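The values are calculated or read from the model by the stated rules, or taken from the named source; none is laboratory data. Since this is a predicted model, take the numbers as computed values, not measurements. Every residue, glycine as well, gets a Cβ built from its backbone with ideal geometry; the counts of neighbours run over all protein chains shown. The area values use the complete protein model at the heavy-atom level, side chains included, leaving out ligands, DNA and RNA. Shrake-Rupley method; radii C 1.70, N 1.55, O 1.52, S 1.80 Å.
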Amino acid sequence: MQRAKENNKEPYRLKLNPAAKKRYEDKIKTIKGLDPYEHKVWSADINLLPNFQHPYIYNYMVLNVSAYTHEVYSNFKSVQQGQVFFTDGWVQDLEIVKVGQKTVISSKVNHSMRLSQKPLQPWVILSACGEVESAHCTCMAGVAEKCSHVAALLYKIDTAVRLRGHVTPTDVEAYWVMPSNITKVQGVPGHAIDFTTSSARKKALERSICGDTSTAPKIRTRLGGTCLPQKTLEDLKPLTDLMHAHRSGLCSVMEEFCHHYADPIQPSVTPKSLLRLRNPEMDGCDLMALLKYCEGLKHLVAVTGTEAAALEKNTKQQHKSDLWHSTRAGRITASIIHAVVSTSITTPAKSTVEKVCYPQKPSLRQTDSGPEAIQWGREKEDTARVSYITETELRHRDIKVEQCGFIVNPSFPEIGATPDALVYCACCGKGCLEIKCPFKHWDHNILQACTDKDFCVQFTEGRMLLKKTHKYYKQVQTQIFVTKSQFCDFVVWTTKSLTTVRVMPDVGLWETLLPAAQDFFYKVVLPELVAHHYTNPPLPVSSAELPVPSHDPHPTDKPKKRAQTSTIRKTPKHKVIPPASTSTPPSDDLPVPPADLPVPLVDSQARDKNKKRARKSTIKTPLATVQPGNTAHPKRRAPEKAVLWCFCRQPEELDDMVACDNQNCPIEWFHLGCVGLSSAPAREETWQCDACLSVTYQIQPTSYTSSDLLC
């Protein structure tokens, strides 16, 4: 059996120190310069092994002389440990190669305590008579040539030589002959197999001949045995009490003792993500219908005190925690509350809605990589925290600064906050900490930074104050009331100075912020979470735009193309893009939309005009009328002259059609089969025909027409 070994990127001997490298080269010179770690072709045939004997292990490992110290090895410990490695099965298959009269044997030995690490690779050189001339191993002691892995390899060689020529029945293919009257052995359950001996069957036959009708058991049993009475747990109570005293695991399944073995650490229950409120059935509904539907979701927003405590405990890694991102989705956080109360409820800013509802999106997610200012703030936050603790310990008693996770107050679960730390002080009580490391003023002191009109802190009447008009002021106030703190220490750190501004609760401001934030949550956030109402708004359809069924509703004009997207991506014609769905299935605890809600007007073939359509012609009808059994099918009469499309110059009835997103495409509509598609691309995807994607063919609207391209 031959196999190729993996090539190392760098020869092993080049990694050795000069003395070990010279000794290694001297060893491989005896086998014509063959490096076992670079040799490719090996054999597994144990017949190539010389007549190796067990005493050779002792002679080499104990009585041989070291090439470095010129002293006898006396390595008894490696001999014992090597035998353990071999008997425990850590030595893999032997790899053998003959070099003249000498034999090189290599193998791999697994780590006994670190199975995930790369196995070690010992090798030995045997003379023609089987004695060990030299050896090596890739372990730390392998340079000395007498490690336990080399000993394990020698034990493997000794066993292979002794077993050579001795073939057991399990080493070869089964040679027993099936009885002539049996053509196939059928498998049966164990309880159906008769395990009685031939003598027992003979006795049963004799009893049957003598007229004994009693049936003997077919399972081999002890004759003359007595039947012992069955014991109950009550009879075994002294034993079970003894087992319980010694904390036996069997007691955990006994009804009497199982409550003593309950796991003291129970799994924590954290609030579910608000993204589960998504309900695709509400897509396209008007805002009044959505708001009425969302009234039944308020109980799903609530958070208990136990859930809030578990959430804060499990999200202390903050932006590195997936739970932190998923739980923040849909909740108004302290860092975004300024933008929330500043935008309009009727026409909210799309960016604000996305930051509140989808902070886990890659484009919005806070990761370790990002703008330079964000990286600077995260890198210096720990430094600023240490400086704050050092400075505050001098002026406060028994101060503790602890990192915290995402905090939700059960009194108003629509809002959450993640301070940089929670502060506990014997003289001031509980507080929170917010750290800012402004990259713009990284090399300025605070007084220099205060000259910037956009800076968050101002120097007034001999002291530093946080500007009440700045967005950080609303962030800090939100953190105070969400965490039920008595104060917030607002820390500004630069390389030149550190300033701590103590901010006290502003009840008047909070009484304005909280209702405004809750109003935004129930009127904007919930409709967005349920139906993507603001990021993917429904198209307004007035009654005047609805087509009136006529005797000749078949369109003869070229269909209007959907809006051209800004990003063009090439799609191979053989690739079929499955419809991408950004919605999640509605949860089982979501209420069903009531039947009396205003029904939106939807497209009977496509909900959104920006979605690629598989047919050019559609009839917009109310959703209530599109039901099984009552769908209107107006009669159509064939047009006088069919309109031809696509490269094939065939009518639209030939196949479903897709539009090219290039506004200057001279053909515009194509049959799916003609362009190698089995279904229309998703509406988020951009698709262009091969002609528009070609680098050598640039469409010139003023020079090319449909007839020019199709001729």
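Observations on the model:
- Label-to-label distance, Y424 versus S43, with points set 7 angstrom from Cα along the beta-carbon direction: 7.4 nm.
- Cross-link pairs exceeding 25 Å between alpha carbons, from the set K298/K471; K474/K523; K320/K468; K453/K496: K298/K471; K320/K468.
- Tensor-based shape of the range 381-454 (alpha-carbon gyration tensor, a/c under 1.5 rounded, otherwise prolate or oblate): oblate
- H299-V188 FRET efficiency (beta carbon distance; Förster radius 51 Å; 0.05 resolution): 0.30
- For the set W324, W90, solvent exposure ranked by accessible area (probe 1.4 Å, protein chains only) runs largest to smallest as W90, W324.
- Gain upon complete extension [K237, Q375; 0.36 nm per residue less C-alpha separation]: 43.1 nm
- Carbon + sulfur, % of accessible area of the range 69-125 - ligands and nucleic acids excluded, 1.4 Å: 49 percent
- Bins of 10 Å from zero: percent of alpha-carbon pairs in the range 109-164: 23, 49, 24, 4
- Computed FRET value (nearest 0.05) for V72 with E131, which takes r as the C-beta separation and R₀ as 22 Å: 0.85
- Per residue, the solvent-accessible area of the range 301-429 (1.4 Å probe, heavy atoms of protein chains only, all protein chains present) comes to 48 Å².
- Here the contact order of the range 25-99, divided by its residue count and restricted to Cα pairs under 8 Å and six or more residues apart, works out to 38 percent.
- M243, M504, reordered so the largest accessible area comes first (probe 1.4 Å): M504, M243
- Spacing of the two label points (7 Å from each Cα toward its C-beta) at S112 and L644, in nm: 8.5 nm
- The phi torsions of the range 16-33, fed into the Karplus equation with coefficients 6.51, -1.76 and 1.60 and a -60° offset, translate into couplings of 7, 6, x, 5, 5, 5, 5, 5, 5, 5, 5, 5, 6, 5, 5, 10, 6, x Hz, rounded to whole numbers, with Gly and Pro shown as x.
- The heavy atoms of V386 present about 90 square angstrom of accessible area, all protein chains included, probe 1.4 Å.
- Placing R0 at 41 angstrom, the Cβ-Cβ distance between E393 and E511 gives a FRET efficiency of 0.70 after rounding to 0.05.
- Taking the alpha carbon gyration tensor of the range 305-458, multiplying each eigenvalue by 5 and rooting it gives semi-axes of 27, 23, 16 Å, largest first.
- Across the range 318-355, the residues whose backbone nitrogen lies under 19 Å from the label position 7 Å along the beta-carbon direction of V269 are 327.
- Whole-percent carbon and sulfur share, accessible surface of the range 307-363, 1.4 Å: 50 percent
- Put the Cα centre of the range 81-139 next to the Cα centre of the range 151-165 and the gap is 11 Å.
- Estimated vicinal HN-Hα couplings, Hz - the range 68-81 in sequence order (Karplus 6.51, -1.76, 1.60; Gly, Pro = x): 9, 9, 6, 10, 5, 5, 6, 8, 5, 5, 5, 5, 5, 5
- Estimated distance in nm for a label pair at T87 and K320, the labels positioned 7 Å out from Cα along Cα-to-Cβ: 4.6 nm
- List K436, K320, ordered by accessible area with a 1.4 Å probe, largest first: K320, K436
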